[in-house]
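Beneath this line is the structure, given in structure tokens, with notes to follow.
The values are calculated or read from the model by the stated rules, or taken from the named source; none is laboratory data. Since we're looking at a predicted model, the values are computed, not measured. Note that we place each Cβ from the backbone using ideal geometry, even for glycine, and neighbour counts take in every protein chain shown.
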């Protein structure tokens, strides 16, 4: 029986819920205020306010900027460069694997009714287990635009080993292994319509949630992907009466459109959460699909 492609994965709910919590906790005017639009009152609460740039007369009789300018001079400089570590949870369509579900499994089931179905990467996808690590770096061009480059690699096998009584009244032995791998080079950009999160110290969860900044992103990955599969069938006392090996590899470009937000952790550390859809310019029926990513960024 063929498997249906799963609905939009639940990680999208995480993006929506956290944004909703941030908006609910914070006043709209303060929630999306730009960097530098905050000050603290005597009680330590964050208040939206324009910086005081009034001129004051100094001791030598010359005009100078007031305390707000002195505070800006004492404040640490804004950091634009950053390194990043990302974990991407992918939901590719993997339609080529339907040959296993629709042909191989029914044949094996007809020969040995109790034999287990083949474990595939589609099963891992449905259980939210397809994660790929990425490392990279980027540069904040302005308070609204960030450019970056990521490198990613993932590989691993899925295996099925089982024996069951066949219609020939002899046990059928089956071993199936498939290994997939992917290497990616991903340039991309993120756009923050309300500006990026402030580089300042944060106090408590509410302060951090109020500083969340939504973003829209575009990635243009180049991917080298491949697979290798082998199957052994045995009958009775014979471990192998038939075997086969298959494999292939592709190099393809794709684009990923996503939406998410940056959540500040500290002055120099942020977490980006986003959800998007990958469109491949070749083999999209196999590789294309939703992608959920969590990225840690450290500014320096």
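Is it true that residue 223 is under 19 Å from residue 88 (Cβ atoms), buried (at least 16 other Cβ atoms within 10 Å of the Cβ), in the same structural domain as residue 173 (by TED's automatic domain parsing) and over 14 Å from the mean Cα position of the chain (by Cα)? Taking the combined requirement at face value, the residue satisfies it. Test residue 263 against the stated conditions and say whether it is under 14 Å from the mean Cα position of the chain (by Cα), over 19 Å from residue 155 (Cα atoms) and assigned by TED's automatic domain parsing to the domain that holds residue 173. Spelling it out, it is not the case that residue 263 is under 14 Å from the mean Cα position of the chain (by Cα), over 19 Å from residue 155 (Cα atoms) and assigned by TED's automatic domain parsing to the domain that holds residue 173.
Looking at the structure I just gave you, is residue 143 within 21 Å of residue 258 (Cβ to Cβ), in contact with a strand residue (DSSP E or B) (Cβ under 8 Å, 6 or more places away or on another chain) and in contact (Cβ under 8 Å) with a residue 60 or more places away in the chain? Steps first, please.
Numbers: within 21 Å of residue 258 (Cβ to Cβ): yes; in contact with a strand residue (DSSP E or B) (Cβ under 8 Å, 6 or more places away or on another chain): no; in contact (Cβ under 8 Å) with a residue 60 or more places away in the chain: yes.
No, not satisfied.
With respect to (1) within 30 Å of residue 93 (Cα to Cα); (2) not in a strand (DSSP E or B), the lone exception for residue 207 is condition (1).
Residues that are crowded, with 21+ Cβ neighbours inside 10 Å and in contact (Cβ under 8 Å) with a residue 40 or more places away in the chain: does region 240-259 have at least one? Looking through region 240-259, at least one residue is crowded, with 21+ Cβ neighbours inside 10 Å and in contact (Cβ under 8 Å) with a residue 40 or more places away in the chain.
Residue-level check: of (1) surrounded by fewer than 20 Cβ atoms within 10 Å (Cβ to Cβ); (2) touching a strand residue (DSSP E or B) at 6+ places or on another chain (Cβ under 7 Å); (3) touching a residue at least 60 places away in the same chain (Cβ under 8 Å), residue 286 misses just (2).
Looking for something at positive phi and either in a strand (DSSP E or B) or within 14 Å of the chain's Cα centre (by Cα) (or both) - is there at least one such residue anywhere in region 277-300? Yes, region 277-300 contains at least one residue that is at positive phi and either in a strand (DSSP E or B) or within 14 Å of the chain's Cα centre (by Cα) (or both).
If you check residue 187 against the conditions, is it under 22 Å from the mean Cα position of the chain (by Cα), under 17 Å from residue 272 (Cα atoms), without any contact (Cβ under 8 Å) to a residue 60 or more places away in the chain and assigned to a strand (DSSP E or B)?
On the way: under 22 Å from the mean Cα position of the chain (by Cα): yes; under 17 Å from residue 272 (Cα atoms): yes; without any contact (Cβ under 8 Å) to a residue 60 or more places away in the chain: yes; assigned to a strand (DSSP E or B): yes.
Spelling it out, residue 187 is indeed under 22 Å from the mean Cα position of the chain (by Cα), under 17 Å from residue 272 (Cα atoms), without any contact (Cβ under 8 Å) to a residue 60 or more places away in the chain and assigned to a strand (DSSP E or B).
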